[in-house]
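Reading through the structure tokens given below for one structure.
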Number of protein chains: 2
Amino acid sequence: MAELAGVHPATASRALNPDLPGRISEETTRKVVEAARRLGYRPDPTARSLRTRRSGVVGVVVPDLLNPVLPPIVRGIEETLWEAGLGCLLADTDNRPDRETALVEELRARRCEGLIIATAARQSEAVASLIDSGIPTVLVTREPDDHPFPFVGGDDEAGVEAALEHLVGLGHRRIAYLTGPTDLSTTVRRLMAFRQMWERLLPGVRRTVVHTEGFTVAAGRKASLDLLSGEDRPTAILAGNDMIALGVYETLQTLGIDCPREISVVGHNDMPFMDQVHPPLTTVTIPQYEVGREAARLLLDIREGREVTPTRRLLPTRLVVRGSTAPASVAH
Amino acid sequence: MAELAGVHPATASRALNPDLPGRISEETTRKVVEAARRLGYRPDPTARSLRTRRSGVVGVVVPDLLNPVLPPIVRGIEETLWEAGLGCLLADTDNRPDRETALVEELRARRCEGLIIATAARQSEAVASLIDSGIPTVLVTREPDDHPFPFVGGDDEAGVEAALEHLVGLGHRRIAYLTGPTDLSTTVRRLMAFRQMWERLLPGVRRTVVHTEGFTVAAGRKASLDLLSGEDRPTAILAGNDMIALGVYETLQTLGIDCPREISVVGHNDMPFMDQVHPPLTTVTIPQYEVGREAARLLLDIREGREVTPTRRLLPTRLVVRGSTAPASVAH
DNA sequence: TTGAAAGCGCTAACAA
DNA sequence: TTGTTAGCGCTTTCAA
């Protein structure tokens, strides 16, 4: 193709990559561009990568794409990366730490120019292995207890605070918190916020915290069954996420307890269709798509060597009040 | 690293790639493997790609990851590809044909070894451009009217048949079909099945077909509003997909019509949480994850030059009867 | 502003 | 069974 333009390949290369060293005359550039167009020429990304040591690809590691919070995040990431000319190599760990390790290793071997990781448990070998790797890395929604990387997520603390305030405002005093798995930062952050807000709003009042085995409907069902079977049950449940809330719904159905008349339930995440379940779930909504975009933007900044401050970005959350919460009944 | 093992680079290469021409002695292989391990050596995929003309990456083109049917498909694809050592480059077109064209072109420029396309409208420039490209291509869930590629999807025909049979069995005769956008093969296939089954079950009886503008809640709401506002409204609605069915739910709420007492509704796809909406939606379930796996398997077969027959694979669907369907009320 | 030459890290073809 | 040589298609360095 350089031939067709009547110039040296190096010149052609420079003409097509304006930011390469060495300015090219307009005349030559025009000839080269024209020749490229006529031949439908596209530079071989592989050869370019080999030379420049840049693969043009970013690895995106997710715990489980079937978890409804992830698709919007991945979309935000993917769109932002494509806009910047970067490809998006998707890797799903199925929530297995060993797979996380293996996939991150594989992505590194493939010379990804950056990594966006949404899988990090509070202890993550994979994330630890990245620390001195020099690979631009951004964590999303989940993070290890200790790490040096930028993090993007929703402002869960504010969400939990709003949720608890809402329940207390409705007159609830016997409120149980159903956490989620304790090896996830999400769980810990939400729980801490719950405790702090509790001390502000109901200092000294006894509170109930139950850990569930996972962020799943089954775990929520199981944990709530014990909680609600006994005497002196709570009048409101704050769930670690919407899945757990749905598990609570199932238990309520089983036990014949009416929501919201006899008990209020609040979720977290505002997954799709949570306005359509019965009763429509009051929950904390997180701008997941924006979280994804922001994470990708941050990665691009790092890659370009731009300063990134602050390194923690918590996007605003909002409590969406629907039909699953109501004033505490006087009967209790 | 070949140095450390005391052999020529080419020998090392052969030792690490057992299926390359030229067998290597066990002794040498052992030495090479050991040296590689000690150095943490991983062959550079870029250099390898340049030499072998294989990028190790497959492009996956989806219309919109936020559409709940897609994540399981993508997961199935992704898992199967990784198992085969192939990366999964994700591209989301946001349902825009121009983006589909641009992204496919970009994926080709990146020398993808294969393409899995879930975006194909009944007319797709992008798919057409692939016809003589030599790039292994598999279509999923959607396909153009005419194309030479393997296709994997759910057996929608069987699903619609079962759905209609179910409604007719419940005594419904005034049944309306709310299609979906007519530029999608999914719509056409489902509608054709509806018509054929109708002729089998209710020959001569008048049937109502309404086209919606999209596979969305809003489109379903809008189309059903006209349909249900008038006199002589249907006693059952078969929706082109679950989103449309949810739109119908909204209309029913607005008009104060009770489902399933006054009207039955059936969806298609069985998206997540359709068992939790109110009333729980009777719908056709499709093994989306398996669809994804099968599509990836097919692509691998093609890539390896294996025969693929049949070239159309329709995976079994099943009608899930829940709470949105009931016998036609005698009152009507 | 452009050309010449070298080389990124591998593996294919050929020779020993 | 192993070594030699060459070259994949770019971009970079150096020289003109």
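No lab work stands behind these numbers, since they all come straight from the coordinates. This structure is a prediction, so every number in the text was calculated from the model and none was measured. Here Cβ is always computed from backbone atoms with ideal geometry, including for glycine, and neighbour counts include all displayed protein chains.
Compared with the dominant Cα axis of chain A, that is its longest principal axis, helix A:156-169 is turned about 20°.
Computed from the C-beta positions of A:R173 and B:D275 and an R0 of 30 Å, the FRET efficiency is 0.35 to the nearest 0.05. Axis angle, to the nearest 10 degrees, between helix A:242-255 and the longest C-alpha principal axis of chain A: 30 degrees. Structural descriptor for chain A: relative contact order 17 percent, calculated from alpha carbon pairs under 8 angstrom and at least 6 residues apart. How would B:I131, B:I175 line up from fewest to most surrounding beta-carbon atoms within 10 angstrom? Starting with the residue having the fewest Cβ neighbours, the order is B:I131, B:I175.
Each Cα pair under 8 Å and six or more residues apart adds its sequence gap; the mean of these over the residue count of the range A:255-308 is a relative contact order of 25 percent. Considering only A:Y41, A:A5, A:L20, and ranking their Cα positions along the charge dipole of the range A:2-43 that arises from unit charges at the beta-carbon of Lys, Arg, Asp and Glu, the one farthest toward the positive end is A:Y41. Treating r as the C-beta distance of A:S229 and B:R51 and R0 as 60 Å, the FRET efficiency rounds to 0.35. Scanning chain A for trypsin sites (Lys or Arg not before Pro) in DSSP loops with at most 12 neighbouring Cβ atoms within 10 Å leaves A:54-205 as the longest stretch between them. Taking Cα atoms only, the orientation of helix B:97-109 departs from the longest principal axis of chain B by about 10 degrees.
Helix-only arithmetic for chain B: the sum of -39500 (n - 2.57) across DSSP H runs with n ≥ 4, divided by the residue total, places the mean residue ellipticity at 222 nm at -13000 deg cm²/dmol.
Cβ crowding within 10 Å, taken as a proxy for footprinting-reagent exposure, orders A:S224, A:S264, B:S124 from fewest neighbours to most as B:S124, A:S264, A:S224. Stretching the chain fully between A:R306 and A:V33 yields a gain of 95.2 nm (0.36 nm per residue, less the alpha carbon separation). Across the identical copies, the 7 Å label point of B:G256, projected outward along Cα→Cβ, sits 3.1 nm from its counterparts, in ascending order.
Under a cut-off of 14 Å between alpha-carbon atoms, report the aspartates and glutamates in cross-link reach of A:K222, not counting same-chain residues fewer than 8 places apart. Cα-Cα hits under 14 Å: A:E213, A:E250. Among the GluC sites (Glu not before Pro) in the range B:229-290, those placed in a DSSP loop whose Cβ has at most 14 other Cβ atoms within 10 Å are B:E231. Shape call for the protein assembly as shown from the C-alpha gyration tensor, a ≥ b ≥ c root eigenvalues: rounded (a/c under 1.5), prolate (a/b greater than b/c) or oblate? Since a/c reaches 1.5 but b/c is at least a/b, the shape of the protein assembly as shown is classed as oblate.
Sequentially through the range B:307-316, phi angles give Karplus couplings (6.51, -1.76, 1.60; θ = phi - 60°) of 5, 10, 9, x, 8, 10, 10, 9, 7, x Hz, Gly and Pro residues having no value and appearing as x. In loop segments of the range B:156-221 as defined by DSSP, the GluC sites (Glu not before Pro) with at most 15 further C-beta atoms inside 10 Å of their C-beta are B:E213. Sorted from nearest, the other copies put their B:D226 label points 5.7 nm away, the label point being 7 Å from Cα in the direction of Cβ.
Once the chain from A:Q196 to A:E3 is taken as fully extended at 0.36 nm per residue, the excess over their C-alpha distance is 62.4 nm.
Taking amide H as placed 1.01 Å from N in the peptide plane, the amide H of B:R111 sits under 5 Å from none that are at least 5 places away or on another chain. The calculated FRET efficiency for B:R261 paired with A:L255, based on their beta-carbon distance and R0 = 22 Å, is about 0.25. In this label model, A:E165 and A:D183 are separated by 3.5 nm, measuring between points 7 Å along each Cα→Cβ vector. Among A:H172, B:H166, sorting on how many other beta-carbon atoms sit within 10 Å of each Cβ, with the fewest leading, yields B:H166, A:H172. When the Cα positions of A:P203, A:C112, A:A91 are compared along the charge dipole of the protein assembly as shown, A:C112 comes out farthest toward the positive end, with charges on each C-beta of Lys, Arg, Asp and Glu.
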